[in-house]
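Peer 1: I have a structure I would like to understand better, so I am pasting it below and will then ask my questions one at a time.
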Amino acid sequence: MKYSIGIDMGGTTTKMGLFSADGQMLRDAEIPTRSALGLDVMFCDMADCVRLLCAEQQISLQDCAVGMGVAGPVEEDGHVEGLVNLNLYDIYPAKELSQRLDDIPVAISNDANVAALGELWQGGGKDCRSLLFVTLGTGVGGGLVVNGQVINGRHGLGGEIGHIKVNPDEPELCNCGGRGCLDQMASATGIVRNAKRFLAKDSGDSLLRGVEKLTAKDVLDAAKQGDAIAEKTVDYCMSFLGKTIADINYIVGPDVVVLGGGLSKAGQYLLDVVYRHYDRYPTLTKQRSRFALAQLGSDAGRYGAAKLALDLSEAERS
Ligand SMILES: [Zn+2]
C-alpha cells in the first residue's frame, strides 16, 4: 500500500491522518465522536471522513490501508468489551467501520498501543525495534511494541502497565478495584495525592503550602526549583515507575522507553528522575534501555494507527 489512514477515536474528538507509506502525514482531519447518536452515526461519520481524505488526495479507497486506535482493551478477534468514555459496550469497532467502507480490512488496537507504535515509527523511538511507551497523565497508560509488533495479548491488556500492583501500602482503592496500582502512584492524580500526604506529615516550608487546587504541574515546577517536599514527592512517585520499568526488562528488554502524556512536559527533569530509579536496580547485564521523551504529542495515535494498518496489509499480502 502506498497510503494509509490512521484513526484515533477519542472520547469527544476523532483524529485522522492520511499518511504516505514512509510516514509523512499528508492530510489530517478532526471530527466530533458522535457516540451519543448511536453506532451507525458514529461509524458513518468516520467512513465519510476516510472517503473525503482519499478524495482530497485523489486516491481510491482500495489503495489505502485503514487502522484505528480505541480507548479500551481490544481482544484478539477485535471484540471490545467496553469503551467506557463513549459509553459503548460489546462492540467490534473495526468491523463496524469496515462494513461502511466496502469491506476493506481495518486494523485495530488499543489507543496506547497504537501511540507506542506511532512513537516507534516516527517519534521518540525511531530506528528502534522494541519500545515501551508510558503515558503519564490523569492516569498511567502504557503500550508495548516488540520487534515491530504491538503486543495486545489475548485479552487486550498487553502493555497496560498502569494497573500493575506496585505499592502494597497504598490505603486507597484504585478505580480498577485493586490497590496500590502504578496508576495511583505515578499519575498526575497520584502526585497530587502524595504531595498532600507529605505536606501533612512534614511541617517544613514549601512552595506548595497554601496553593489552592494543587496540580501535578505545581509539584513538578516546585521540584525543579529545589523545593524539598516537592522533590521528595516526585522522587517517591517516580520510584515506582522506575522499578516497574526495571522489572519489565526481565520480560521484554525494550530498546527504548518513551515517556509521554501531560506530565512529560516536565521534560528532561522527569526523565532523569525516572531513569535514576530504573538504574538503581542491578540487572544481570550492564545493558540499559535508552530513555526518551515522546515527540508526536497527541498525534501519536493517528501515526500508530496508520502504521498498524500498513503492517496488516503487508502481512495479508505475504
Ligand atoms: Zn488499578
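The values are calculated or read from the model by the stated rules, or taken from the named source; none is laboratory data. A quick note: this is a predicted structure, and the numbers were derived from the prediction, not measured. Heads up, the Cβs are rebuilt from the backbone with ideal geometry, glycines too, and the neighbour counts pull from every protein chain shown. Surface accessibility is based on the protein's heavy atoms, side chains included, excluding ligands, DNA and RNA. Shrake-Rupley method; radii C 1.70, N 1.55, O 1.52, S 1.80 Å.
Peer 1: Mind checking which residues of segment 163-192 are of a type outside the set (A, V, I, L, M, F, W, C) and surrounded by fewer than 19 Cβ atoms within 10 Å (Cβ to Cβ)?
Peer 2: LYS165, ASN167, PRO168, ASP169, PRO171, GLU172, ASN175, GLY177, GLY178, ARG179, THR189
Peer 1: List, please: which pairs have Cβ atoms under 6 Å, are six or more places apart or on different chains, and start with a residue in segment 281-298 that is open to solvent by 100 Å² or more (accessible area, probe 1.4 Å) and end with one that is at pLDDT 85 or above and assigned to a loop (DSSP other than H, G, I, E, B)?
Peer 2: GLN295/GLY123; GLN295/GLY124
Peer 1: Please work out if ILE59 is hydrophobic (A, V, I, L, M, F, W, C), assigned to a loop (DSSP other than H, G, I, E, B), open to solvent by 20 Å² or more (accessible area, probe 1.4 Å) and within 18 Å of ASP48 (Cα to Cα).
Peer 2: Answer is yes for this residue.
Peer 1: Residue check: is GLY180 within 16 Å of the ligand (Cβ to nearest atom), assigned by TED's automatic domain parsing to the domain that holds LYS232 and in contact with a Pro (Cβ under 6 Å, 6 or more places away or on another chain)?
Peer 2: Yes, satisfied.
Peer 1: Also, quick follow-up: Which of (1) part of a loop (DSSP other than H, G, I, E, B); (2) within 23 Å of TYR275 (Cα to Cα); (3) outside the structural domain of ASP255 (by TED's automatic domain parsing) does THR138 not meet, given it meets every other one?
Peer 2: Of everything listed in (1) part of a loop (DSSP other than H, G, I, E, B); (2) within 23 Å of TYR275 (Cα to Cα); (3) outside the structural domain of ASP255 (by TED's automatic domain parsing), THR138 misses just condition (3).
Peer 1: Can you list the helices (runs of 4 or more DSSP H) lying wholly within segment 198-300 that have 2 or more residues being of a type in the set (Lys, Arg) and at pLDDT 95 or above? Spell out how you get there, then give the answer.
Peer 2: On the way: elements: 216-224, 228-248, 268-279.
It comes to 216-224, 228-248.
Peer 1: What do you reckon, is GLY148 in contact with a Leu (Cβ under 9 Å, 6 or more places away or on another chain), more than 12 Å from the ligand (Cβ to nearest atom) and at positive phi? Break it down stepwise before answering.
Peer 2: Values: in contact with a Leu (Cβ under 9 Å, 6 or more places away or on another chain): yes; more than 12 Å from the ligand (Cβ to nearest atom): yes; at positive phi: yes.
For GLY148, the condition - in contact with a Leu (Cβ under 9 Å, 6 or more places away or on another chain), more than 12 Å from the ligand (Cβ to nearest atom) and at positive phi - is met.
Peer 1: Now for a different question. Looking at GLU81, GLU76, can you tell me which residue is out of contact with any strand residue (DSSP E or B) (no Cβ under 6 Å at 6 or more places or on another chain) and either among the basic types (Lys, Arg) or assigned to a strand (DSSP E or B) (or both)?
Peer 2: GLU81
Peer 1: For residues that are among the β-branched types (Val, Ile, Thr) and more than 20 Å from THR215 (Cα to Cα), tally how many sit in segment 163-191.
Peer 2: Taking segment 163-191 first, the residues among the β-branched types (Val, Ile, Thr) are 164, 166, 189, 191.
Subset that is more than 20 Å from THR215 (Cα to Cα): 164, 166.
So the count comes out to 2.
Peer 1: Kindly establish whether ASN147 is more than 16 Å from PHE291 (Cβ to Cβ) and without any contact (Cβ under 8 Å) to a residue 40 or more places away in the chain.
Peer 2: For ASN147, the condition - more than 16 Å from PHE291 (Cβ to Cβ) and without any contact (Cβ under 8 Å) to a residue 40 or more places away in the chain - is met.
Peer 1: Right, GLU160: within 16 Å of the ligand (Cβ to nearest atom) and within 18 Å of ASP247 (Cα to Cα) or not? Break it down stepwise before answering.
Peer 2: Details: within 16 Å of the ligand (Cβ to nearest atom): yes; within 18 Å of ASP247 (Cα to Cα): yes.
Criteria met by GLU160.
Peer 1: Being over 23 Å from ARG197 (Cα atoms), open to solvent by 20 Å² or more (accessible area, probe 1.4 Å) and touching a strand residue (DSSP E or B) at 6+ places or on another chain (Cβ under 8 Å) is the filter here, so list the residues in segment 230-263 that pass it.
Peer 2: If the condition is that a residue be over 23 Å from ARG197 (Cα atoms), open to solvent by 20 Å² or more (accessible area, probe 1.4 Å) and touching a strand residue (DSSP E or B) at 6+ places or on another chain (Cβ under 8 Å), then VAL252, ASP255, GLY261 are the ones that fit.
Peer 1: Now for a different question. Just checking, does segment 215-223 include any residue being of a type in the set (A, V, I, L, M), in contact with a strand residue (DSSP E or B) (Cβ under 6 Å, 6 or more places away or on another chain) and surrounded by fewer than 23 Cβ atoms within 10 Å (Cβ to Cβ)? Give the derivation first.
Peer 2: Narrowing segment 215-223 to residues of a type in the set (A, V, I, L, M): 216, 219-220, 222-223.
Next cut, in contact with a strand residue (DSSP E or B) (Cβ under 6 Å, 6 or more places away or on another chain) only: none.
Among the residues of segment 215-223, not one is of a type in the set (A, V, I, L, M), in contact with a strand residue (DSSP E or B) (Cβ under 6 Å, 6 or more places away or on another chain) and surrounded by fewer than 23 Cβ atoms within 10 Å (Cβ to Cβ), which makes the answer no.
A quick yes/no check of all residues on (1) modelled with pLDDT under 95; (2) in contact with a helix residue (DSSP H, G or I) (Cβ under 6 Å, 6 or more places away or on another chain); (3) of a type in the set (Asp, Glu):
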{"residue": "LEU101", "(1), (2), (3)": "no, yes, no"}
{"residue": "ILE108", "(1), (2), (3)": "no, yes, no"}
{"residue": "VAL114", "(1), (2), (3)": "no, yes, no"}
{"residue": "VAL146", "(1), (2), (3)": "no, no, no"}
{"residue": "ASN152", "(1), (2), (3)": "yes, no, no"}
{"residue": "GLU160", "(1), (2), (3)": "yes, no, yes"}
{"residue": "CYS174", "(1), (2), (3)": "yes, yes, no"}
{"residue": "GLY178", "(1), (2), (3)": "yes, no, no"}
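Peer 1: Name the residues in segment 1-24 that are within 14 Å of ASP45 (Cα to Cα) and in contact with a helix residue (DSSP H, G or I) (Cβ under 9 Å, 6 or more places away or on another chain), would you?
Peer 2: The first filter runs over segment 1-24 and keeps only residues within 14 Å of ASP45 (Cα to Cα), leaving 7-10, 12-16.
Hits for segment 1-24 are ILE7, ASP8, MET9, GLY10, THR12, THR14, LYS15, MET16.
For every residue, the table says whether it meets (1) surrounded by 14 or more Cβ atoms within 10 Å (Cβ to Cβ); (2) of a type outside the set (Lys, Arg); (3) part of a helix (DSSP H, G or I).
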{"residue": "MET46", "(1), (2), (3)": "yes, yes, yes"}
{"residue": "CYS54", "(1), (2), (3)": "yes, yes, yes"}
{"residue": "TYR89", "(1), (2), (3)": "no, yes, no"}
{"residue": "SER98", "(1), (2), (3)": "yes, yes, yes"}
{"residue": "SER109", "(1), (2), (3)": "yes, yes, no"}
{"residue": "ALA116", "(1), (2), (3)": "yes, yes, yes"}
{"residue": "GLU119", "(1), (2), (3)": "yes, yes, yes"}
{"residue": "LYS126", "(1), (2), (3)": "yes, no, no"}
